[in-house]
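Derivation of every value follows stated rules applied to the coordinates shown; laboratory data play no part. Bear in mind that the values here come from a model prediction, so they are computed numbers and not experimental data.
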Amino acid sequence: MPPIVGNIIAVALIVLVVGLAVRSLWRSHKKGGGCSCGGDCGSCGGSCHCGK
């Protein structure tokens, strides 16, 4: 197997792993997982913009 094929496979795997991580973070954010106030903006004065 030529070295270039090995490099392409390695880069493709890295791109796949990074893509899955970004997708997981995005889904968590869309579900309100990125809120520091636990999803209740009333408890933090509405400054965290939960669920928006």
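A few points about this structure:
- Applied to region 12-20, the Karplus parametrisation 6.51 cos²θ - 1.76 cosθ + 1.60 on θ = phi - 60° returns per-residue 3J(HN,Hα) values of 4, 5, 5, 4, 4, 5, 5, x, 5 Hz, with x for Gly and Pro.
- Extension gain, V18 back to I4 (0.36 nm per residue minus Cα-Cα distance, nm): 2.9 nm
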